[in-house]
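Single-structure report; data block below.
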Amino acid sequence: MDLITLLQVLDSTVRLATPLLLACLAGLFSERAGIFDIGLEGKMLMAAFFSAAVAFVSGSVWLGLLAGIGSSLVLSLLHGVASITFRGNQLISGVAINFLAAGLTVLIAQSWFKEGGRTPSLIGAGRFNSLELPFAETLQGVPLLGPIYAELISGHTILVYLALLCVPASWWLLYRTRFGLRLRAVGENPAAVDAAGVSVIGLRFAAVAICGVLCGIAGAYLATALQAGFVKDMTAGRGFIALAALIFAKWRPWHALWATLLFGFLQAVALRYQSIELGQITIPVQLMDVLPYILTVIILAGFVGKAVPPKAGGEAYVKER
Amino acid sequence: MDRMPAWADAILVPLISLVLAAGLSALVILAIGEDPVAAVKLMITGALGSSYGWSNTLYYATNFIFTGLAFAVASHAGLFNIGSEGQAMMGGLGVAIVCLMIPWPHWAMALPAAILGSAVFGALWALIPGWLQARRGSHIVITTIMFNFIAAAFLNYMLVNVMRPETSMDPATAKFPAGAHLPTLHDVLAVFGIPFSKGGLANVSLFVALAACVLVWVLIWRTRLGYEIRALGKSESASRYAGISPTRIIVIAMLISGALSGCMAINNVMGEAERLILNATEGAGFIGIAVALMGRNHPFGVLLAALLFGFLYQGGSELALWTSIPRELIVVIQALVILFTGALDNMVRMPLERIFAWVRKETQT
């Protein structure tokens with residue numbers, strides 16, 4: 001494999017890792033506050049549709065992004081109302097949200113655009129275009145570093161850089177602010193937070209809302225940056241890979257970056273090569289597709305380091321009277 | 001807070017949830033510019049207006065009975081088995097191997113073998129997440145989700161690279177031999193002289209599903225194992241003090257749950273397609289969750305809920321055929337049912353409990 005091929009694979013790694021990273025951080029905020037969220041997939045899908053639809057109708061991708069975030073937030077709040085206010089089962093609520101998104105997106109797309117459950121292709125200002133960082137052309141000639149800068153670092157859409165920025169931002173928010181400390185505490189021991197006079201419900205709703213915003217950006221990225229328009233079920237399990245990455249990262253922001261880059265790399269390789277031949281053995285493409293899931297099961301099983309979720313995860317908080 | 005009477009808990013709460021879900025679904029249909037009344041009429045005539053419609057309704061219901069029972073059994077043990085989809089896929093592999101390897105002389109011999117094959121494959125696929133939950137504490141929801149994806153990829157590999165006949169481009173197995181052909185409901189009812197649609201999909205697996213309902217009822221409420229499963233689901237510490245091994249019960253409950261999911265394959269793979277195709281399960285594993293929630297994890301409730309979803313599926317197909325409403329409408333309805341009967345259960349329950357408490361107080365004074 002020569003340098004250019006390697007760079008191309010790494011470049012598509014970054015592109016494919018971006019939605020995973022955003023969704024993974026979304027799940028991180030929610031689960032750190034003690035709310036399990038298996039509805040990441042659904043929220044991304046909903047955002048993908050509404051961002052593409054609004055971007056197409058208005059011709060502005062920024063309005064599309066806003067619509068995507070808004071639609072994802074609505075589903076987030078639904079999850080919040082079901083699992084925080086009414087203390088319902090968080091897993092069931094997540095399952096319902098996934099189905100709701102899978103059904104509604106196609107239903108509305110068919111009703112609005114009549115193109116078999118997809119949006120028309122986005123062109124021009126209707127989608128995020130890649131940014132050329134300064135000097136990418138001029139530095140092209142520099143050996144090694146030039147192509148790395150031009151191919152790998154430059155030439156992504158703004159959402160990619162935004163997603164990467166979200167990593168230190170999330171770390172700072174969670175580990176260096178009062179809000180972050182309380183948010184993490186509410187996922188470990190909500191009774192203590194309550195005793196300190198801080199609203200458990202408020203914190204959890206805040207976490208769920210952050211989760212909705214990040215999922216919204218992830219979905220908008222899928223439909224308006226990675227691809228040009230919405231197609232049925234376009235998230236294709238990414239919400240679950242993000243969930244896997246979250247466990248892989250043991251609920252920590254920087255590790256989430258590495259985990260999603262790893263899973264993005266696996267996707268990039270599977271996309272580029274149908275099957276990989278290592279000497280005598282041929283690795284089928286299907287194995288590449290499921291490697292994230294297999295790795296996660298191994299991690300979860302505790303054979304390679306143990307993944308311990310937030311202690312109060314999945315349980316509704318009932319105030320003692 | 002005072003408890004509600006049992007009938008309200010078992011019938012009134014699900015009924016109100018269902019009405020809410022139906023009402024919202026009607027609004028959705030209105031919002032996309034269609035007439036909900038006409039849609040419901042079309043669904044009823046399409047699903048229940050002919051013996052062909054009935055046959056397909058019962059075919060879908062058969063799938064959902066198996067996956068609903070699977071989810072219910074795991075639920076009784078306090079386990080959230082979201083992996084029915086993968087287990088049913090692996091069950092399909094089991095059925096395909098049984099049907100293709102042995103030249104069956106008669107279906108009556110092939111069926112028990114296929115049930116065994118599907119159950120074993122489904123159970124084994126549930127065993128690993130079950131064991132990991134019991135011994136390593138890995139969250140069963142995550143592992144079963146992962147196992148769904150792994151099963152889909154594994155099946156994809158098997159169908160494309162291993163089991164596909166060399167002459168075919170289709171990622172599917174060869175057609176099962178004639179000896180493994182299951183009689184359709186038409187054939188069964190013809191024995192009794194009852195005329196029934198020839199073209200419908202329902203087959204003899206329906207009776208296996210009904211038998212499974214009875215067996216699950218006996219298991220859960222009339223055996224020692226069922227008692228232990230329910231005890232574990234109610235309180236792990238209490239059951240531990242009673243000398244019940246959580247590890248053992250978790251693994252056994254998951255084995256039974258997986259076997260039930262796997263058995264779905266005798267209906268959709270052996271009874272209908274008569275070969276194993278990609279994505280044969282079509283999401284029936286997830287509908288099992290809705291069915292079990294609505295049926296309150298009781299086999300009889302599961303049966304009724306499965307019939308309702310069978311009606312929705314057949315009616316929805318007819319809608320997609322005759323109107324511009326896509327099939328995805330059923331997915332929305334399914335989501336609303338899960339939402340109201342599952343996650344928003346307390347929203348319906350809390351006001352009802354208050355009403356019952358008030359009525360009781362009024363009658364006492």
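I need the full set of residues from segment A:143-166 which are crowded, with 19+ Cβ neighbours inside 10 Å and part of a helix (DSSP H, G or I), in order please.
A:150, A:159, A:160, A:163, A:166
Only one residue in A:141, A:126 is more than 14 Å from chain B (Cβ to nearest Cβ), in contact with a helix residue (DSSP H, G or I) (Cβ under 6 Å, 6 or more places away or on another chain) and not β-branched (Val, Ile, Thr). Which one? Talk me through it step by step, then tell me what you get.
Values: A:141 fails: in contact with a helix residue (DSSP H, G or I) (Cβ under 6 Å, 6 or more places away or on another chain).
Answer to the check: A:126.
Could you check segment B:317-360 and list, in sequence order, the residues that are in a helix (DSSP H, G or I) and charged (D, E, K, R)?
B:318, B:328, B:345, B:349, B:353, B:354, B:360
I need the full set of residues from segment A:56-75 which are surrounded by 22 or more Cβ atoms within 10 Å (Cβ to Cβ), at pLDDT below 95 and more than 14 Å from residue A:221 (Cα to Cα), in order please.
If the condition is that a residue be surrounded by 22 or more Cβ atoms within 10 Å (Cβ to Cβ), at pLDDT below 95 and more than 14 Å from residue A:221 (Cα to Cα), then A:56 is the only one that fits.
So which residues in segment B:279-311 are surrounded by 24 or more Cβ atoms within 10 Å (Cβ to Cβ), within 20 Å of residue B:20 (Cα to Cα) and hydrophobic (A, V, I, L, M, F, W, C), if there are any at all?
Once the filter is applied, which keeps residues that are surrounded by 24 or more Cβ atoms within 10 Å (Cβ to Cβ), within 20 Å of residue B:20 (Cα to Cα) and hydrophobic (A, V, I, L, M, F, W, C), segment B:279-311 yields B:287, B:289, B:290, B:291, B:292, B:293, B:294, B:302, B:305, B:306, B:309.
Do you know which residues across segment A:211-263 are in contact with a Ser or Thr (Cβ under 7 Å, 6 or more places away or on another chain) and aromatic (Phe, Trp, Tyr)?
A:221, A:230, A:248
The rows are residues; the columns are (1) within 27 Å of residue B:124 (Cβ to Cβ); (2) touching a residue at least 12 places away in the same chain (Cβ under 8 Å); (3) touching a helix residue (DSSP H, G or I) at 6+ places or on another chain (Cβ under 7 Å).
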| position | (1), (2), (3) |
| --- | --- |
| B:212 | yes, yes, yes |
| B:215 | yes, no, no |
| B:219 | yes, yes, yes |
| B:228 | yes, yes, yes |
| B:237 | no, no, no |
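If the requirement is being of a type outside the set (Gly, Ala, Ser), away from chain B (no Cβ under 14 Å) and assigned to a helix (DSSP H, G or I), which of these qualifies: A:84, A:97, A:69?
A:69
If you check A:241, A:247, which single one turns out to be within 14 Å of chain B (Cβ to nearest Cβ), in a helix (DSSP H, G or I) and more than 22 Å from residue A:11 (Cα to Cα)? If you could, list the steps in order and put the result at the bottom.
Numbers: A:241 fails: more than 22 Å from residue A:11 (Cα to Cα).
Checking each option against the conditions leaves just A:247.
Cβ-Cβ below 9 Å, separation at least six or inter-chain, first residue in segment A:224-240 and surrounded by fewer than 23 Cβ atoms within 10 Å (Cβ to Cβ), second among the aromatic types (Phe, Trp, Tyr) and modelled with pLDDT of 90 or more: which pairs?
A:234/A:49; A:237/B:149
Just for segment A:76-96: of the residues that are of a type in the set (Ser, Thr, Tyr) and buried (at least 24 other Cβ atoms within 10 Å of the Cβ), which one is farthest from residue A:201 (Cα to Cα)?
A:93
With respect to residue B:264, determine if the residue is under 15 Å from residue B:118 (Cα atoms), touching a Cys at 6+ places or on another chain (Cβ under 7 Å) and among the hydrophobic types (A, V, I, L, M, F, W, C).
Criteria not met by residue B:264.
Applying the selection to segment B:17-41, what residues are away from chain A (no Cβ under 14 Å) and within 22 Å of residue B:343 (Cα to Cα)?
B:18, B:19, B:22, B:23
Mind counting the residues in segment A:237-275 that are touching an Asp or Glu at 6+ places or on another chain (Cβ under 9 Å) and either among the charged types (D, E, K, R) or at positive phi (or both)?
3
Give me the pairs, please: first residue somewhere in segment B:49-67 and in contact (Cβ under 8 Å) with a residue 24 or more places away in the chain, second residue anywhere and β-branched (Val, Ile, Thr) and assigned to a helix (DSSP H, G or I), beta-carbon distance under 6 Å, and either six or more positions apart or on two chains.
Close Cβ pairs (under 6 Å, with a partner that is β-branched (Val, Ile, Thr) and assigned to a helix (DSSP H, G or I)) amount to B:64/B:287; B:64/B:291.
Could you list all residues from segment A:126-142 that are in a helix (DSSP H, G or I) and either in contact with a Cys (Cβ under 8 Å, 6 or more places away or on another chain) or surrounded by 14 or more Cβ atoms within 10 Å (Cβ to Cβ) (or both)? Lay out the reasoning, then the answer.
Taking segment A:126-142 as the starting set, the residues that turn out to be in a helix (DSSP H, G or I) are A:126, A:138-141.
The answer is A:126, A:139.
Here is a yes/no grid of residues against (1) aliphatic (A, V, I, L, M); (2) facing another protein chain (nearest Cβ under 7 Å):
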residue: B:289; (1), (2): yes, yes
residue: B:316; (1), (2): no, no
residue: B:337; (1), (2): yes, no
residue: B:345; (1), (2): no, yes
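Just to check your reading of the model, which residue among B:93, B:30, B:15 is out of contact with any strand residue (DSSP E or B) (no Cβ under 6 Å at 6 or more places or on another chain) and either closer than 26 Å to residue B:187 by Cα or surrounded by 15 or more Cβ atoms within 10 Å (Cβ to Cβ) (or both)?
Just a single option satisfies the conditions, and that option is B:93.
Does segment A:149-165 contain at least one residue that is on the phi > 0 side of the Ramachandran plot and without any contact (Cβ under 8 Å) to a residue 24 or more places away in the chain?
no
Tell me whether segment A:105-112 contains one or more residues that are polar (S, T, N, Q), in contact (Cβ under 8 Å) with a residue 60 or more places away in the chain, more than 14 Å from chain B (Cβ to nearest Cβ) and surrounded by 20 or more Cβ atoms within 10 Å (Cβ to Cβ).
No, that holds for no residue.
If you take the residues of segment B:155-177 that are within 14 Å of chain A (Cβ to nearest Cβ) and touching a residue at least 40 places away in the same chain (Cβ under 8 Å), which of them is farthest from residue A:242 (Cα to Cα)?
Filtering segment B:155-177 for residues that are within 14 Å of chain A (Cβ to nearest Cβ) and touching a residue at least 40 places away in the same chain (Cβ under 8 Å), the one farthest from residue A:242 (Cα to Cα) comes out as B:163.
Helices (runs of 4 or more DSSP H) wholly in segment B:196-254 with at least 3 residues that are touching a His at 6+ places or on another chain (Cβ under 6 Å), surrounded by 14 or more Cβ atoms within 10 Å (Cβ to Cβ) and not polar (S, T, N, Q) - which ones?
B:224-234
State whether one or more residues within segment B:297-305 are more than 14 Å from chain A (Cβ to nearest Cβ) and not in a helix (DSSP H, G or I).
Within segment B:297-305, one or more residues are more than 14 Å from chain A (Cβ to nearest Cβ) and not in a helix (DSSP H, G or I).
The values are calculated or read from the model by the stated rules, or taken from the named source; none is laboratory data. Note that the coordinates shown come from a computational prediction; the quantities given were computed from them, not determined experimentally. Positions of Cβ are generated from backbone atoms using ideal geometry, with glycine treated the same way; all protein chains shown enter the neighbour counts.
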